[in-house]
């Protein structure tokens, strides 16, 4: 349930400038903007925010208890989303770790099987795999290059070039390749461009808030306005 957008709507209808409210309740205009944008990520402790909301509501003649209740409901929903998203990312990490372990075990089994099949021959592993090894490409360190689905898409296009245009207020969380997550708060008409080597992960807090192009091609964003959407690029066909 909206609390900041409701306050902003009422303030605008009354023709009260943002700066006037900020000066009256002794808060910076930036913090007031965060309240109106319902930006829990950057807002301070809940107890402090509730005090500001009461002061804001009383100044423009709105029921302060109703506003605080709206905030509590909205904050609770935000915290539940954060918890669910954290579990989702942790689950993905565990799955990838297990897949890597299983892949390693499978390779060992295959090598041992080949060795056992050709065990009666001299230098059996070399005879079994020699022709294949000679045809493999090696990098400068002497290790064979392994192409994963992500690196295959990257090699086809060299780089992943992402263009993002905001049409509504939107919070983005972006992971480029294996770097640390980055956060961006975009407003309508904002434009940003990113480049990655093999993969990009995005958490779009407002699914209808942005339009995205990957290497000049539109990216489908599931969800409606106000809904969060998780996207991994390049998307599987």
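Laboratory data are not the source of any read-out in this text; all were calculated from the coordinates shown. If you're wondering where the values come from, they're calculated on a predicted model, not measured in any experiment. Cβ coordinates were reconstructed from backbone atoms using ideal geometry, including for glycine residues, and neighbour counts include every protein chain displayed.
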- Message: For the pair residue 117/residue 9, report the inter-label distance in nm, with labels modelled 7 Å from Cα in the Cβ direction.
- Response: 6.9 nm
- Rounded, prolate or oblate: which one fits the range 28-75, using the alpha carbon gyration tensor with axes a ≥ b ≥ c (rounded when a/c is under 1.5, else prolate when a/b beats b/c, else oblate)? oblate
- Do you know the relative contact order of the range 154-212, to the nearest whole percent, from alpha carbon pairs under 8 angstrom that are 6+ apart? 48 percent
- Compute the length gained on full extension between residue 58 and residue 109: take 0.36 nm times their separation in residues and subtract their Cα-Cα distance, giving the result in nm to one decimal. 11.2 nm
- Task: Run the quick spin-label model on residue 97 and residue 159: label points 7 Å from Cα toward the beta carbon, then report their separation in nm to one decimal.
- Result: 3.3 nm
- Task: Can you grab the distance from the C-alpha centre of the range 37-75 to the C-alpha centre of the range 154-228, Å, no decimals?
- Result: 30 Å
- Task: Take each of the peptides 213-222, 3-12, 101-110, average the number of other beta-carbon atoms within 10 Å over its residues, and list them starting from the highest.
- Result: 3-12, 213-222, 101-110
- Task: Would you kindly state how much longer the chain becomes between residue 16 and residue 29 on full extension, computed as 0.36 nm times their sequence separation minus their alpha carbon distance, in nm to one decimal?
- Result: 3.4 nm
